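Below you'll find the structure, written out as structure tokens, and then a few comments.
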Amino acid sequence: MGQRRHDGMSSAQLLVRLLPGLMILGAIFFDLATPAKFTAVPMFAASPLIAAPFFSWRATAITGLAAVVGAMGMHAYNETAAQITALTETTTLVTVAALALLINDVVRRSNQRLASARVIAETAQRAVLPSPADRIGGLQVAARYEAAQEDAFIGGDLFAVQDTPYGVRLVVGDVRGKGLGAVEAVAVVIGAFREAAEQERSLEGVAGRLERALAREGTRRSGLDAVEGFTTAVLAEISRPVDALRVVNRGHPAPLLLYADGRVDMLEPSEAALPLGMGDLGSWPDRAEERPLPPGATLLLYTDGLSEARDSHGVFYDPGERLSGRIFPGPEELLDALVADVRRHTGGGTTDDMALLAVMRPTERQPRKRRTVPVVRAGTDDDRP
């Protein structure tokens, strides 16, 4: 699938590259094959306009010059160069060529501004989403941020891990919006989480602090962001000693708990809750849901870029189904296999960014490496034990 899509894109790019020249050649053949009263000027004029958005300024200028010279050559061949029609058509082509150069300049400047904005957003995002250590509070940790297609704006996916006096606390969330505004909101959420995780005795208290931080942030925003700014998030706490897991879900995809024997549980909340930042629509106390975290179990938190990834038939990716029955030597290997499987499912491209955070409770005397069973397409027997 991915190779076919790549080949299709290459063919389209090749066609775009060849089309201006083909238009000029087609215009010449049209002039040669038809009486002199028929004109191929529209085909000559189309060639620099096609080149303008895709070619360099120099290549666009050469294409425009070739169109003008080709039209003048055909008038000379047809012995119509002295007619007023020839002068009018030549003037039209020169004007169109100049317009194509102007379009090329506008497109080039816009692309430069877009590339600059993306670099700034990516740099800011890396600053607010540093990779966590691979071992925190006795737990093995791995995090991954997978950007969507290259031409997509930076999104608002976030993750953080904090070792606190109350245990290891985690958050994975998704801020509404794209670009620098989303990165700014991510910075607010991460900053509030790190402060609250150290100070609040309960996970519910951490969620309350995030709610208030986003409410304060909303008062200084204007327009649609002031009304619709919100963040879906899952907060988790792994107590010390490592034996219990508590989760607060605020409108986010349910995390998964992967056991050492390959079983997978989806940690759906018993009661749905609004995302963070929407407290003015309803107020009720957060209640953390608790369950055991046995040795060898891995907690996987993710954003909807994973669960809403689609294949060519529009089928959503189901991480619970795809991971069921598989075991991995550690969280890093889990994320590697998961990202690779999503790429296979989607054919190599996704439409939304994807943040992944995996935390594993090691077993006693756990070997350095355990057998890894790769993720495979559901319903097949490949790579199964």
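The values are calculated or read from the model by the stated rules, or taken from the named source; none is laboratory data. Just so you know, these numbers come straight off a predicted model, no measurement behind them. All Cβ positions, glycine included, derive from the backbone under ideal geometry; neighbour counts span all protein chains shown. These accessible areas exclude ligands, DNA and RNA; they are computed on the full protein's heavy atoms, side chains included. Shrake-Rupley method; radii C 1.70, N 1.55, O 1.52, S 1.80 Å.
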Filter result for the condition that a residue is among the hydrophobic types (A, V, I, L, M, F, W, C), open to solvent by 70 Å² or more (accessible area, probe 1.4 Å) and within 26 Å of residue 203 (Cα to Cα), over 278, 266: 266
Filter result (small (Gly, Ala, Ser) and without any contact (Cβ under 8 Å) to a residue 60 or more places away in the chain) within the stretch 259-278: 270, 272, 273
Residue in the stretch 343-352 that is modelled with pLDDT under 80, open to solvent by 10 Å² or more (accessible area, probe 1.4 Å), at positive phi and in contact with a helix residue (DSSP H, G or I) (Cβ under 7 Å, 6 or more places away or on another chain) present: yes
Only residues in the stretch 45-65 that are on the phi < 0 side of the Ramachandran plot and modelled with pLDDT under 90 count as the first member; pair them with residues that are open to solvent by less than 10 Å² (accessible area, probe 1.4 Å) and among the basic types (Lys, Arg), Cβ under 9 angstrom, at least 6 apart or cross-chain, and list the lot. none
Filter the stretch 293-318 down to the residues that are touching a residue at least 60 places away in the same chain (Cβ under 8 Å) and under 25 Å from residue 136 (Cα atoms) and list them by number. 293, 294, 295, 296, 297, 298, 299, 301, 302, 303
Would you please name the residue that is farthest from the chain's Cα centre (by Cα), looking only at residues in the stretch 42-65 that are open to solvent by 20 Å² or more (accessible area, probe 1.4 Å) and among the aliphatic types (A, V, I, L, M)? 65
Tell me which residues, restricted to the stretch 80-101, are touching a residue at least 24 places away in the same chain (Cβ under 8 Å) and of a type outside the set (Ser, Thr, Tyr). 89, 93, 94, 96, 97, 98, 99, 100, 101
Residue under question is residue 30, and the condition is that it be surrounded by 13 or more Cβ atoms within 10 Å (Cβ to Cβ) and touching a Pro at 6+ places or on another chain (Cβ under 8 Å); does it hold? no
Look at the stretch 8-27 and say how many of its residues are free of Cβ contacts under 8 Å to residues at least 12 places away in the same chain and open to solvent by 80 Å² or more (accessible area, probe 1.4 Å). 7
Filter result (open to solvent by less than 60 Å² (accessible area, probe 1.4 Å) and touching a helix residue (DSSP H, G or I) at 6+ places or on another chain (Cβ under 8 Å)) within the stretch 104-114: 104, 105
